[in-house]
Every structure is written in structure tokens, then in C-alpha cells.
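What follows is a set of notes on a single structure, which appears directly below.
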Amino acid sequence: MTHRPALFAAVLALGRAGSNVGDHWVQSDYCARVKGATDDKPVYLTTDDPDDEPTVHGTSDGIKACAWHCLTYTATQALAVGAGARVLGIRLHPGAAAAALALSFVTHYAADRRVEGGLLETLAEKTGKGNFWRLASHGINGAYCLDSAWHHGWETAAALVATIGAKTR
């Protein structure tokens, strides 16, 4: 008999670890800085050479940077969950695992393509969290905290999906 709550807890922990590594260690500086760029609010990047002109990044670059970040983020989660499940003797159903990773990718992109009036900002405003969203003092960044909570919630949903049909070896 398979103890489903234990499988869920293991997959959630593995996915959470992969998420944190993917979001903070694997994400490139370029992606972190450009993923929210738009033509109306471009991102200007400079080099260490004071004679170089800054490069300008608009909507197209922002979309690509966010997609690349979400791809590496999801791949890191897949590696963490896949390797951990193997070590723990958990056999995930391939379709359920793929659906969970797709859910993680899509919801991560929706949150991280942080353009003015974007999904999380709109949700924060509509739920009375607008002031917290804009908070950026006292060592706290409200947007980051709400972003993180969004990801944790969807990672939990993804772990539930991933464990559909899971078994132990």
C-alpha cells in the first residue's frame, strides 16, 4: 500500500528545494533584470566599461528573459524532484509529473513577467494588499513576499498533481 500523504510531502519538499535553487541560484542576472522589461518601460543594462553604451531591452527581450528563467526554474525543479524521487523509491506517473511541471512553469511565468499592472500587482490591489506590494523598506520587499507566497501555493498544487498515480518501488 502507498502512503499518499508521505509521497505528497516528499514531492513538495523536493519541488520546493528545486524551486528555491532555480529561482535564486540558477536564474541569471540578465533574466532577473530584464524579465519585466516592456517597450514603455525598457531596461537599460550597462557594462563595466564606461565607454560602452547601455543596451536597451524592451517587451520582446522581457518575454524571452522571463520564458528562459521559467524554463531553467522548471528544469531545476524537475531535476530535484526526479533525482529525489529516485533516491526515495517514489515512482511518479509521467503524465502527472509533466502536468505538475507545466503548472509550475505557467504560474511562475504569470507571476514573474512583472510588468506594470501585471497579474500579481492587480491581485494585490484587488485584495487590499497594494500598500504591502509597494513596500520596499525596513528590509522588507512586499512584492517579493507576495511573489514568493504565490509560488509556494502553486508548488503545493503542483505537488498534489505530481503525486496522482504515484507509487513506491
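The values are calculated or read from the model by the stated rules, or taken from the named source; none is laboratory data. Owing to the predicted nature of the structure, the values given are computational and were not obtained by experimental measurement. All Cβ positions, glycine included, derive from the backbone under ideal geometry; neighbour counts span all protein chains shown. SASA here: full protein model, heavy atoms, side chains in, ligands and nucleic acids out. Shrake-Rupley method; radii C 1.70, N 1.55, O 1.52, S 1.80 Å.
Among the residues of the range 73-96, none qualifies, meaning not one is outside any loop (DSSP other than H, G, I, E, B), among the aromatic types (Phe, Trp, Tyr) and open to solvent by 20 Å² or more (accessible area, probe 1.4 Å).
As an exercise: evaluate Lys64 against (1) part of a helix (DSSP H, G or I); (2) of a type outside the set (Phe, Trp, Tyr); (3) under 23 Å from Val26 (Cβ atoms); (4) open to solvent by less than 70 Å² (accessible area, probe 1.4 Å) and give the number of the one condition it does not meet. Only one criterion in (1) part of a helix (DSSP H, G or I); (2) of a type outside the set (Phe, Trp, Tyr); (3) under 23 Å from Val26 (Cβ atoms); (4) open to solvent by less than 70 Å² (accessible area, probe 1.4 Å) is unmet by Lys64, namely (4). The selection criterion, being at pLDDT 95 or above and farther than 30 Å from Thr168 by Cα, does not hold for Pro94. Based on what the data block shows, is Leu123 open to solvent by 60 Å² or more (accessible area, probe 1.4 Å) and under 20 Å from Gly153 (Cα atoms)? Yes.
Inside the range 106-118, residues that are crowded, with 19+ Cβ neighbours inside 10 Å and either of a type in the set (Asp, Glu) or assigned to a helix (DSSP H, G or I) (or both) make up a count of 5. Determine whether Gly84 is in contact (Cβ under 8 Å) with a residue 12 or more places away in the chain and in contact with a strand residue (DSSP E or B) (Cβ under 6 Å, 6 or more places away or on another chain). No; evaluated as a whole, the condition is false for this residue.
The single condition from (1) closer than 29 Å to Glu155 by Cα; (2) out of contact with any helix residue (DSSP H, G or I) (no Cβ under 7 Å at 6 or more places or on another chain); (3) of a type in the set (D, E, K, R) that Arg16 fails is (2).
The numbered conditions (1) surrounded by 13 or more Cβ atoms within 10 Å (Cβ to Cβ); (2) not in a loop (DSSP other than H, G, I, E, B) are all true for Trp25 except (1).
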